[in-house]
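Following: one structure in structure tokens, then a few remarks.
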Amino acid sequence: MMKQPLFILILSLVVLAACKSGNGQTAADEAERPLITVTIEPLRYFTEAIAGERFRVVSMVPKGSSPETYDPTPAQLVALAESKAYLRIGHIGFEQTWADRLADNAPHLPFFDTSRGIDLIHEEHTHQHTEEADAHAGHAHHHSGGVEPHVWNSAVNARIIAGNVLQALCSIDPAGRETYVARHDSLCRCIARVDSLVRQQLSSPDADRAFLIYHPALSYFAREYGLRQISIEKEGKEPSPARLKQLVDECKAQGIRIIFVQPEFDRRNAELIARQTGTRIVSIHPLSYDWEEEMLNVAAQLGQPSVH
Ligand SMILES: [Zn+2]
């Protein structure tokens, strides 16, 4: 049993090394490069992987902040006006709140939705969303319609995002096309390798088929790999005492062993459930720049739950 995890660990390190090479830029070149703004760190990773040294890429939502609720600083709005493009991840809270205002703030800036073409998960709605309310807003309104926004935590989606980033870069900088196509292809090979490593981990007979999570960042991951994600938070709200009790019961009934938490969200409810059920709390970083590492980390946690 020891052999397989060790093999996968070594393979993972090789994949990571291969995926991270080729960005050896100096600070001086960097300041001169034209700027692209994106919403979150994982999208910065995909964009840099394809743009190489032709652009400098910055994220709107800094490390440690929640992209569901973040507000940009005045300095970020100035930097945005100097950007050549804005790339959105699609439907995250920050974009729902700010996209129109950002577009008003920088009217000549092209906006690209990198989630275009993704098979979106639609959340069930409890509140009534009326057409009149939309019409009242007076202009094109990017309402989510209850779209699950965490599209990037999936290999299938990552390939679609990469394709959209490639198109965006070619449209704002046609001269770089050859570079972008080559780098896009190598990114897609990395994504494919990560996908097969994740599948290997999850195919272990000991692997968990269901997990608890505070904030439902792994909806697309769960769909892609046939897992069941049970979210503690519901529609951005903390659970009621009745819901907590229900979660504790569900945890016991299903033999759930892991509760994922992420640093951007409160973990007290997760700890409460863990104490009552003996489940293990595991920190994940779905907003990390290191997309590959994070995908492999989640898979490793589910694949060998007893090793830690
Ligand atoms: Zn989120």
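The values are calculated or read from the model by the stated rules, or taken from the named source; none is laboratory data. What you are looking at is a predicted structure, and each value in this text was computed from that prediction instead of being measured. Note that we place each Cβ from the backbone using ideal geometry, even for glycine, and neighbour counts take in every protein chain shown. These accessible areas exclude ligands, DNA and RNA; they are computed on the full protein's heavy atoms, side chains included. Shrake-Rupley method; radii C 1.70, N 1.55, O 1.52, S 1.80 Å.
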So what does Thr277 come to for accessible area, using a 1.4 Å probe and Å² rounded to 10?
40
For segment 204-303, list log₁₀ I(q)/I(0) at each q in 0.16 Å⁻¹, using the Debye formula over Cα point scatterers of equal strength and ignoring solvent, two decimals each.
-0.64
Per residue, what accessible area does segment 204-303 have, given a 1.4 Å probe and all protein chains present, in Å²?
43
Arg159 accessible area, nearest 10 Å², 1.4 Å probe?
90
Could you tell me what percent of the accessible area of segment 204-303 is made up of carbon and sulfur, with a 1.4 Å probe and every protein chain present?
51
Near Ala242, within a Cβ-to-Cβ distance under 14 Å, what is the net charge of the other residues, with Lys and Arg +1 and Asp and Glu -1?
+1
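Report the Rg/Rh value for segment 83-123, based on alpha-carbon coordinates and the Kirkwood definition of Rh.
Working: Rg = 11.2 Å, Rh = 11.1 Å.
Taking Rh as the inverse mean 1/r over Cα pairs, Rg/Rh reads 1.01.
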Per residue, accessible area of segment 46-94 with a 1.4 Å probe, heavy atoms of protein chains only, in Å², comes to 38
